[in-house]
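Visitor: First the structure, then my questions, so here it is.
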Amino acid sequence: MKQKTLLKEVEFEGIGIHSGEISKIVLHPEGENKGIRFLIKGEYIPANYKYVLGTDHATLLGKGGVKVSTVEHLLAVLYMLGIDNLTIEFLRGYEVPILDGSGYYFYKELKDKTLELSQEARFLKIGKGLEVRNCKAYIRAEPSEDFCVVYEGYVRGLLERAKVKYCGNAKEVVFARTFCYEEEVEYLLQRGLAKGGSLKNAVVIGKGFVHNPEGLRSKDEPIRHKLLDLIGDLSLLGYRIKGRIISYGGGHSLNYQLVKSLAESSFSTTFTSSSVSTP
């Protein structure tokens with residue numbers, strides 16, 4: 001598998017769901033082995049778990065006194081499209097625009113603009129099972145010759161339990177919007193979060209119904225969004241993954257713990273695709 005970048009620059013502009021500020025970003029094509037990185041106020045921040053500053057309702061990266069936030073939806077789309085080399089420059093704001101709350105518009109704009117490069121992609125192969133957990137959730141990584149991610153969870157008042165997976169078809173994931181429960185809204189606002197949130201960019205779940213007049217895009221849309229978040233956070237490993245990731249109820253904090261554990265595990269092996277025979 002070859003590394004990829006974009007054919008040309010692409011811009012996105014919109015409100016940040018937590019900051020409430022308008023953000024504008026430009027995605028610049030890069031050459032081999034540059035990786036994914038953010039550029040803000042003259043500082044480059046690699047899209048890597050080593051630069052994670054926070055995981056409270058979004059993934060926050062920082063370096064040199066500057067930060068970028070809510071990077072997970074865009075990073076998930078880049079990973080699913082196989083884009084390995086890119087500079088994401090902030091011309092305004094510090095939060096990736098939320099757009100409609102999903103990865104759909106990123107995917108729509110980028111899917112036909114990828115460019116294959118000459119160098120092989122870098123992979124991390126999971127060689128032995130590894131698990132991280134807290135009191136309510138767990139995420140397990142297992143050996144596999146392919147990349148597949150499974151998310152299982154529930155939606156209070158709407159869905160007792162659902163399991164969704166991504167094994168290569170981005171269209172099954174990118175449409176799913178971020179969400180919250182109606183009783184969380186005031187709490188989030190009091191903490192300085194969700195200042196840019198609305199029914200145009202998030203699903204608000206009541207007791208047995210959703211406040212959005214158009215309803216859900218699928219009955220398990222919130223679970224699929226958690227899967228989107230997980231893929232974006234996994235991309236912070238800095239490698240493509242050969243393995244199966246299974247999450248039950250995980251969120252950004254546990255996603256980060258898994259990525260850190262995988263990076264530091266002696267049971268994980270890094271290699272380029274040229275050194276691996278195709279199954």
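Visitor: Condition first: within 30 Å of CYS148 (Cα to Cα), small (Gly, Ala, Ser) and in contact (Cβ under 8 Å) with a residue 40 or more places away in the chain. Now tell me which residues in segment 195-230 satisfy that.
Guide: ALA202, SER218
Visitor: Okay, moving on. Step by step: first the residues of segment 250-279, then only those that are over 16 Å from the mean Cα position of the chain (by Cα) and at pLDDT 75 or above, then the one that is surrounded by the most Cβ atoms within 10 Å (Cβ to Cβ). Which residue is that?
Guide: LEU262
Visitor: Specify the residue that is surrounded by the most Cβ atoms within 10 Å (Cβ to Cβ); the eligible residues are those in segment 135-153 that are over 17 Å from ARG240 (Cβ atoms) and modelled with pLDDT under 95.
Guide: So, considering only residues that are over 17 Å from ARG240 (Cβ atoms) and modelled with pLDDT under 95, the one surrounded by the most Cβ atoms within 10 Å (Cβ to Cβ) is LYS136.
Visitor: Take the residues of segment 73-88 that are assigned to a strand (DSSP E or B) and among the β-branched types (Val, Ile, Thr): which is surrounded by the fewest Cβ atoms within 10 Å (Cβ to Cβ)? Reasoning before the result, please.
Guide: Going through segment 73-88, the residues assigned to a strand (DSSP E or B) turn out to be 86-88.
When the remaining residues are screened for being among the β-branched types (Val, Ile, Thr), the result is 87-88.
Values: THR87: 18, ILE88: 23.
That would be THR87.
Visitor: Inspect all residues belonging to segment 117-129 and state whether any of them is surrounded by 23 or more Cβ atoms within 10 Å (Cβ to Cβ), touching a strand residue (DSSP E or B) at 6+ places or on another chain (Cβ under 6 Å), within 20 Å of PHE271 (Cα to Cα) and at pLDDT 95 or above.
Guide: No, segment 117-129 contains no residue that is surrounded by 23 or more Cβ atoms within 10 Å (Cβ to Cβ), touching a strand residue (DSSP E or B) at 6+ places or on another chain (Cβ under 6 Å), within 20 Å of PHE271 (Cα to Cα) and at pLDDT 95 or above.
Visitor: Among the residues of segment 89-138, write down those that are in a loop (DSSP other than H, G, I, E, B) and under 18 Å from the mean Cα position of the chain (by Cα).
Guide: Listed by number, the residues that qualify are TYR94, VAL96, PRO97, ILE98, LEU99, ASP100, GLY101, SER102, GLY103, LYS111.
Visitor: Further question on the same structure: Among the residues of segment 178-190, count how many are more than 19 Å from GLU152 (Cβ to Cβ) and either in contact (Cβ under 8 Å) with a residue 40 or more places away in the chain or touching a Ser or Thr at 6+ places or on another chain (Cβ under 8 Å) (or both).
Guide: Going through segment 178-190 one residue at a time, the tally reaches 1.
Visitor: Oh, and also: Suppose we filter segment 11-60 for residues that are without any contact (Cβ under 8 Å) to a residue 24 or more places away in the chain and either crowded, with 17+ Cβ neighbours inside 10 Å or of a type in the set (Ser, Thr, Tyr) (or both); how many remain?
Guide: Qualifying residue count, segment 11-60: 3.
Visitor: With over 26 Å from ALA176 (Cβ atoms) and among the basic types (Lys, Arg) as the only criterion, which of LYS111, LYS136, LYS125 stands out?
Guide: The match here is LYS125.
Visitor: If I go through segment 146-175 residue by residue, how many of them are more than 26 Å from LYS111 (Cβ to Cβ) and acidic (Asp, Glu)?
Guide: Of the residues in that region, 2 qualify.
Visitor: A follow-up question, please. Under the condition of being in contact (Cβ under 8 Å) with a residue 40 or more places away in the chain and part of a loop (DSSP other than H, G, I, E, B), which residue from segment 61-72 is farthest from THR114 (Cα to Cα)?
Guide: THR70
Visitor: Mind checking which residues of segment 185-240 are more than 22 Å from ALA76 (Cβ to Cβ) and of a type in the set (Asp, Glu)?
Guide: GLU186, GLU214
Visitor: Still on this structure, I have one more. Which of the residues that make up segment 139-178 are among the hydrophobic types (A, V, I, L, M, F, W, C), under 22 Å from SER268 (Cα atoms) and in a loop (DSSP other than H, G, I, E, B)?
Guide: The answer is CYS167, and nothing else.
Okay, residues lined up against (1) touching a strand residue (DSSP E or B) at 6+ places or on another chain (Cβ under 8 Å); (2) surrounded by 15 or more Cβ atoms within 10 Å (Cβ to Cβ); (3) over 30 Å from GLN3 (Cα atoms):
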position: VAL185; (1), (2), (3): yes, yes, yes
position: LEU189; (1), (2), (3): no, no, yes
position: GLY192; (1), (2), (3): no, no, yes
position: SER198; (1), (2), (3): no, no, yes
position: ARG217; (1), (2), (3): no, yes, yes
position: LEU234; (1), (2), (3): yes, yes, no
position: LEU237; (1), (2), (3): yes, yes, no
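The values are calculated or read from the model by the stated rules, or taken from the named source; none is laboratory data. Note that this is a predicted model, so its numbers are computed, not measured. Please note: Cβ atoms are built from the backbone with ideal geometry, for glycine as well, and neighbour counts cover all protein chains shown.
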